[in-house]
Amino acid sequence: MLEMISASYSYGGQPALRNASLKIEKGESVCLLGANGSGKSTMLKMINGLVFPDSGKCLFESKEISRKSMSDPRFAKAFYRKMGFVFQNVEAQLFCADVYDEVAFGLRQIGFDETEVRMKVEDALKLTGLLGFEKRAPYHLSGGEKKKVALAAVLASDPEVLSLDEPLNGLDPRTARWLCEFLQDQNAKGKTLIISTHNLELVQEMSRRAILFGEDHTIFADMPSMSLLDDIDMLKRANLVDEYYHKHQDSGHSHFHSHSVSGKPGADKG
Amino acid sequence: MHIPENYLSPATCAVMAVVAVPALAVCAKKAKQELSNETVPLIGMCAAFSFLLMMFNLPLPGGTTGHAVGGALAAALVGPWAAALSVSAALVIQAVLFGDGGILPLGANIFNMAIILPFVSYFIAKAVKKVVKSQAGEFAGIAIGAYVGLNAAALATAIEFGIQPSIAADASGLPLYCPYPLSIAIPAMMMPHLLVAGFAEAAFSVGIYSFIKRVSPISIRQESKGGNKLVYAFISALILLVPLGLLAQGTAWGEWGAEEMAELVESGSPLGFTPWGMENGFSFSALLPDYTVPGIPEVVGYILSAICGVALSIIIFRLAAGLLKKKSIA
Amino acid sequence: MKSSKKPSPSRGGLKNDAFVDKSLITFISVLSIIRAQDRQDSWIDRVNAFYKLCCSLFLIVLVALSRSPYFVFAVISVHLLAVALLKTASMKRVLALAATAFGFSCLMIAPAFFMGKAGFASLIPVKALASALIAGMLSLVKFQELTSALKRLHAPDFLLMVLDLSIRSLVMLGEFSLETLQALKMRRLGGRGGGYRSLAGVGGTVFLKSKEMSEEMHQAMVCRGFAGTYRPMGKLGFGLANAGWVLATAGLAALFFFT
C-alpha cells in the first residue's frame, strides 16, 4: 500500500534522506532503525505527507503523495484520515486545552457530530487507559501519560497506518513494555505499523521486518529483524552500536545491550 | 509600561480598544497570507516567547534589574504582523491570568506595546538596513529600532496618562483618573526609558538576534517582496490618528460618568445621585469609625462593615492557622 | 518596562548573578501559577467561566466609572468575603495581587495627593484594590474554560486557538528556559560581566526551540486534518453557584445605580 521510489530529501542544504526505495504492505509491522539523524524521522514525515521528496516518488495506494496532490483538500483529507502519526516530541502534538478536546480534535475535523465524537473519544481513552483524564490539561501530565494521550488522539479516528517516531523515548520501562504490547495488539487487529527506534531490545518484539539506515542517510539494509540483530557487524557499520556491544544468549532469552567499559556510555543511549 | 486599571477613563479605554481590534484583524489577515497555514502555531509559540522575554531580568546600572518588552525583537524575527499578534496574546494572558496590567486598558496596552513598538522598530530597522547594507547595518538598525520603538511606546503611554486630567474631570475640574497632566506624565515616563530602559531593550534585542543569526539564520523571517504599502499606510494612519481621536472624544465623553450611566440605563429618569466631593472622598480612607462608613445610610454601612469584618477575620484566621501548621511540621 | 528597586544580594562574587536568580524566581512563579490551574478547587470552579467573565468585566467598568467610595467599598467587601472562602493557595494569590495593586497605586498617587491636585484620583488606590480583587477572582478561572467563554461571546476560532496555544507553549518553553537558565547559573559560577551576552544566548535558544516546536505542532495539526474549526461551545448550565455569582453582581450593580 505504501511505496517509495528512490526518494531523496534535503533540509537547508543538508541531505536528510538519500535515494530511499521500499515497499510496505497492508498489515505489516516495520521498524526503522538507525543512529540519530540518519533519516528515520524524515522518512516517517514523508510517509505521512508532511514533507515531499526533492527527487524520486512517494506513493500511497498507488497514488503519488506530492505537494501538488496534497493541495487538493479532498485528497488530503482522505489521505490524512488513513494515516496516524505520533511525533517523537509529543509536546508539540498536544495543542488542545484538555485531554477530551485533544482526542476529539481529529474527529471534529472529519466532521462527526458531538455524540459520535463522545463515543469515539471514550473508546480511545478506554483503550489507552486514560478514562478519568478528560478534563486534565495535557501539559500537566507526565511524559508517559502525554504519550498515551497522543496515541489516543491518533487512534480515535481509526487510521489504517500507524506511524510512531521513537515512541519509547523517555518512557519508564513499565510504560515502554505496555506500549510494545499495545502496538503488537494493534498490529494484530490489522493496522499497518511503522515505528522508528534505536532501542534494539524491543525491535524483535515490535516487528518482524527491520529497515536499517546508514549515517549517509541511505537505506543500509532491509531484512527480517531477527537476522539483522544477529548481524552485529552490520549494526556497527551503521554506527548504531559500538565495539562493546554484544548479545546475551543465556537463560533462555536474549537481549541486547552494551556494557559500559571505562566510562564509555551505553550504545542504547546512542 | 503595563497600564493598570482605573488610570485611564473608560472612554479612553474604549477608544483604544476600537483602534486595537481592527488593527489586529488586519495583522491576522496579513500574517495568514504571509505564513500560510503555519500561522497559528507560530503565533502561539511566539506569544509564549514574548511573554518569557518579559520575564528575563536584565541587569541595569545601579544594581537594579528591569525587563525588556521584546516587541522589537519579535518584529525582527517573525515580521511585524505576527509580532503584533503574539505580543497581544501575551498581554491578554498577562492581564487575565496574572493580573499584570488592567483588563479595561488592554486595548491601550496592546496599542502601545503590541502595535507601536513592533511597527516603529520594524520600519526603523528596515530603513537603516537599506542605507547601511552590511551585517553591522542590520544589527544597528535593530538596536536603533528597539530604542526608538520602546520610547515611542513609552511616549504613547505617557500621552494616554497625561490627557486624563483634561478629558476626565468632575465639575470642579478635579481629575477622576490619572491626576498627572502631560507636563508631568511625559517626563516621568520618558526619563527612565530614554536613559536606561531603551538601551537595555536595544542590547537585549541585538544580543538575541545576532545569536540566532549566527546559530540558525534560516529561522529568521525572510523579507517578502512589496505589495504591503496599503496596509502599512493603514497602520501608520492609525498610529497618527489615535491622538486626534483621543482628544476629540475628550469634550464629548469626558463627563460621561456614573450619573450619565445611570440615566442611560434608567432610560431618562435620572436618579438622585449625590456627587461626592473631595472631602467625602478622603474621609473614606479613615478607619471606619463606629463600624459605619461615612455618608452611607447607617444600616447599609453596618452590613458592609460586618461583611468586611467577617471576611477579614476568616482570612486572618486561616492564614494564621496555615502558619501555625507549617511551624508545627518544621 | 518596570524596574524593581530591590538591591541585589551583596555576597561578593555572587552579586553579578542577581539577574539570573531573579529571572529564575520569575520563571518558577509563572510556571507555578499555570500549574495551579490544574487543581480541583472549591465552589469557585462551579461558577461557569462565562458568567464569571461577564460579571467581572461589568464590575470592573462600574468601579472605573464610580465616584462613590461606598460602592467601591461594597465591591471590596463582597469580594473579600468570596476570597475568604477560597482554598488557602488561591486566597494567598488573590490577596498578593490585590496588595501589590494597592501599594503600587498608593505610590503613584502620593505625589498628586501632596500637590493637592488629587481629586477623585485619591480614590484610585481603593479602586485599584477593588479591581485587583475582581481581576484576582477572575484569574482563578481555568484557562480552557475561559476560552470556551470567549467562544460563547463569538470570539473567532483563530483567536481562541492562539490563546490556547500560547498558554501551552508558555509551559513548554517556560520549563525549557528554566532549565537553560539553571544551566547558565551553574556555569557562570558567579562570574562577572557578560550578563547580556549570556541572557541573549538563553533567549535565542528559547526562540529557536519555539520555532522548531511550532513547525512540529503545525505538522501534527495537518496530520490530524486541521480544517480551521476549533472547539464547539460547551453546555451552559445555571446552577446554584452561578446564580449566586450573578446575584451578587446584580446586587452590587444595584448599589451603583441607586445610591
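The values are calculated or read from the model by the stated rules, or taken from the named source; none is laboratory data. What you see is a predicted model; the values in this text were computed from it and never measured. Please note: Cβ atoms are built from the backbone with ideal geometry, for glycine as well, and neighbour counts cover all protein chains shown. When the accessible area is computed, the model is the full protein with side chains, heavy atoms only, and any ligands, DNA or RNA have been set aside. Shrake-Rupley method; radii C 1.70, N 1.55, O 1.52, S 1.80 Å.
Just to confirm my numbers, what's the Cα centroid distance between the stretch B:153-195 and the stretch A:100-125 in Å?
What the calculation gives is 53 Å, centre to centre.
At C:Phe257 and A:Asp123, where each label point lies 7 Å from the Cα along Cα→Cβ, what is the point-to-point distance in nanometres?
So the two model labels end up 5.3 nm from each other.
Could you check the simple spin-label distance between C:Ala250 and B:Gln135, using points 7 Å along Cα→Cβ, in nm with one decimal?
My value for the distance between the label points is 6.8 nm.
Can you give the accessible area of A:Thr218, probe radius 1.4 Å, in Å² rounded to 10?
30 Å²
Kindly state, to the nearest 0.05, the FRET efficiency for B:Leu182 paired with C:Phe58, given R0 = 30 Å and r defined as their beta-carbon distance.
Given R0 = 30 Å and the Cβ-Cβ separation, E is 0.40.
List the residues, sorted by chain then number, that are 5 or more residues from A:Ser163 or on another chain and whose placed amide H is less than 5 Å from its amide H.
A:Gly84, A:Phe85, A:Val86, A:Ile194
Using a Gaussian network model of chain A whose springs link C-alpha atoms within less than 10 Å, name the residue from A:Pro159, A:Pro173, A:Pro15 with the highest mean-square fluctuation.
With Cα springs under 10 Å in chain A, the top fluctuation among A:Pro159, A:Pro173, A:Pro15 is at A:Pro173.
Could you give me the ³J(HN,Hα) list for the stretch C:83-95, computed from phi with Karplus coefficients 6.51, -1.76, 1.60 and θ = phi - 60°, whole Hz, x at Gly and Pro?
4, 4, 8, 7, 5, 3, 4, 5, 4, 4, 5, 4, 5
Once phi is turned into ³J(HN,Hα) by the Karplus curve 6.51 cos²θ - 1.76 cosθ + 1.60 with θ = phi - 60°, what whole-Hz value does each residue of the stretch B:148-163 show in order, with x for glycine and proline?
Karplus values, whole Hz, x for Gly and Pro: 5, x, 5, 6, 5, 5, 5, 5, 4, 4, 4, 5, 4, 5, x, 7.
Roughly how many Å² of B:Ser166 are accessible to a 1.4 Å probe, to the nearest 10?
Counting only protein heavy atoms, B:Ser166 exposes about 90 Å² to solvent.
Assuming R0 = 56 Å, what is the FRET efficiency of A:Asp216 and C:Phe104, from their Cβ-Cβ distance, to the nearest 0.05?
Given R0 = 56 Å and the Cβ-Cβ separation, E is 0.35.
Which FRET efficiency value, to the nearest 0.05, do you get for A:Lys26 and B:Ile220 by plugging their Cβ-Cβ distance into 1/(1 + (r/R0)^6) with R0 = 51 Å?
0.70
How far is it, in nm, from the label point at A:Glu160 to the one at A:Asp72 when both lie 7 Å from their Cα along the line to the Cβ?
1.6 nm
Put A:Thr115, C:Thr249 in order of accessible area, largest first, 1.4 Å probe: what do you get? Mind dumping the intermediate values first?
Values: A:Thr115 100, C:Thr249 10 Å².
The ranking, largest first, comes out as A:Thr115, C:Thr249.
My understanding is that a pair violates if its Cα-Cα distance is over 18 Å; which of A:Lys126/A:Lys146; B:Lys129/B:Lys213; A:Lys26/A:Lys189; C:Lys52/C:Lys142; B:Lys213/C:Lys211; A:Lys40/A:Lys63 do that in this structure?
Numbers: A:Lys126/A:Lys146 15 Å; B:Lys129/B:Lys213 15 Å; A:Lys26/A:Lys189 12 Å; C:Lys52/C:Lys142 11 Å; B:Lys213/C:Lys211 14 Å; A:Lys40/A:Lys63 22 Å.
Table pairs above 18 Å Cα-Cα are A:Lys40/A:Lys63.
Show me the three semi-axes of the equivalent ellipsoid for chain A, from the C-alpha gyration tensor (sqrt of 5 times each eigenvalue), largest first, rounded to whole Å.
31, 24, 16
Among A:Asp158, A:Asp222, what's the order by accessible area (1.4 angstrom probe), most exposed first?
A:Asp158, A:Asp222
Rank these residues by their accessible area, most exposed first, probe 1.4 Å: A:Arg18, C:Arg168, A:Arg108, C:Arg93.
Reading off the accessible areas and sorting them downward yields A:Arg18, C:Arg93, A:Arg108, C:Arg168.
Pick out, in residue order, every one of the GluC sites (Glu not before Pro) in the stretch A:101-159 that is DSSP loop and has at most 14 other C-beta atoms within 10 Å; say none if there are none.
none
How much accessible area does C:Trp43 have with a 1.4 Å probe, in Å² rounded to the nearest 10?
70 Å²
Would you mind counting up the charge near B:Ala108? Only other residues with Cβ under 12 Å from its Cβ, with Lys and Arg at +1 and Asp and Glu at -1.
-2
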